[in-house]
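J.: Once you've had a glance at the structure underneath, I'll fire off some questions.
The values are calculated or read from the model by the stated rules, or taken from the named source; none is laboratory data. If you're wondering where the values come from, they're calculated on a predicted model, not measured in any experiment. As a convention, Cβ positions derive from the backbone with ideal geometry for all residues, glycine included, and neighbour counts pool all protein chains shown.
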Amino acid sequence: MAYKTDDIFSFAAFDTNRFSDSFREIAEKGATQSREAFTKMKSAAEEATKTVETTMQTAQSGSVELGLKAIEALRTNAEMSLAHMEALLGVKSVSELIELQTGFVRKQVEITVEQAKAMQEAARKLAEDVTKPGKEAAEKVMTTFKPA
């Protein structure tokens with residue numbers, strides 16, 4: 001009795017070399033895609049780390065600047081108040097007291113407005129500087145997306 005080798009279900013028709021080549025090709029393609037994906041993820045993580053570091057450094061330096069401005073404002077106000085108290089000790093009449101007090105209040109209001117403007121400007125600049133790295137990173141990421 002002779003065996004048919006043309007039968008679909010027989011192992012004689014199965015080419016193991018072609019199967020091995022196909023399997024190797026699929027495995028190599030998968031490994032290449034995995035390496036590429038890892039490289040992209042690593043690069044994205046490094047960029048995100050740099051963005052966070054830059055943001056934190058900017059926030060720290062900006063906070064120091066705001067703190068120094070606040071200290072300077074307190075120093076100026078304290079010096080003005082002490083100078084005013086010294087001037088009050090030399091007052092000789094009620095009209096001189098009223099004049100001195102009115103001048104002090106006017107000057108205090110002017111300085112307070114200037115200090116508030118300076119603090120507001122410093123806070124605005126800090127907010128812009130802190131958000132800038134994140135904004136730039138987001139814009140960079142958005143340019144990598146391709147419309148469907």
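J.: Does any residue of the range 11-34 turn out to be at pLDDT below 90, outside any helix (DSSP H, G or I) and not acidic (Asp, Glu)?
T.: yes
J.: Is there any pair linking a residue in the range 59-78 that is more than 25 Å from VAL109 (Cα to Cα) and in contact (Cβ under 8 Å) with a residue 12 or more places away in the chain to one that is assigned to a helix (DSSP H, G or I) and among the small types (Gly, Ala, Ser), with Cβ under 9 Å and at least six apart or on different chains, and which?
T.: GLY62/ALA122; GLY62/ALA123; GLY62/ALA127
J.: How do the pairs read when you match residues in the range 115-140 that are farther than 11 Å from LYS69 by Cα with residues anywhere that are of a type in the set (Lys, Arg) and at pLDDT below 90, using Cβ under 9 Å and keeping only pairs 6 or more apart or on different chains?
T.: Note: pairs meeting the criteria are PRO133/LYS50; ALA137/LYS50.
J.: Does ALA37 meet the test of being part of a helix (DSSP H, G or I), surrounded by 10 or more Cβ atoms within 10 Å (Cβ to Cβ), at pLDDT below 85 and of a type in the set (Gly, Ala, Ser)?
T.: no
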